[in-house]
Amino acid sequence: MRAHIIGVTATPLSSNAETPMHQIYEKLIVGEKIQTLIADGYLAKPKSWFPDVELNSLQTGEYG
């Protein structure tokens, strides 16, 4: 009996440099780039925001 092994990851990189994914699996299927998925309407373009805070006036407390 032969078993089929399927691996799924969000990144094509192995966390172990000793055993890269191409040595474990016979076939790697790489998905579309994020920019392509946004352009094709599958993902929304990200929006970033941050509060306008003056950090120079902050003081270091007892624990940093």
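The values are calculated or read from the model by the stated rules, or taken from the named source; none is laboratory data. Quantities reported herein were computed from a predicted structural model and do not represent experimental measurements. Cβ placement follows ideal geometry from the backbone for every residue including glycine, while neighbour counts extend to all protein chains displayed.
What the table shows:
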| quantity | calculated |
| --- | --- |
| Some residue of the stretch 25-33 being loosely packed, with under 10 Cβ neighbours inside 10 Å, basic (K, R), in a loop (DSSP other than H, G, I, E, B) and in contact with a helix residue (DSSP H, G or I) (Cβ under 8 Å, 6 or more places away or on another chain) | no |
| Candidate set: the stretch 1-50, residues that are of a type in the set (S, T, N, Q) and at pLDDT 85 or above; chosen: the one nearest to the chain's Cα centre (by Cα) | Q35 |
| All positions within the stretch 41-64 that are among the aliphatic types (A, V, I, L, M) and not in a loop (DSSP other than H, G, I, E, B) | L55 |
| Checking I38 against (1) on the phi < 0 side of the Ramachandran plot; (2) part of a loop (DSSP other than H, G, I, E, B), the condition it does not meet | (2) |
| Every residue from the stretch 1-24 that is surrounded by 10 or more Cβ atoms within 10 Å (Cβ to Cβ) and not in a loop (DSSP other than H, G, I, E, B) | M21, H22, I24 |
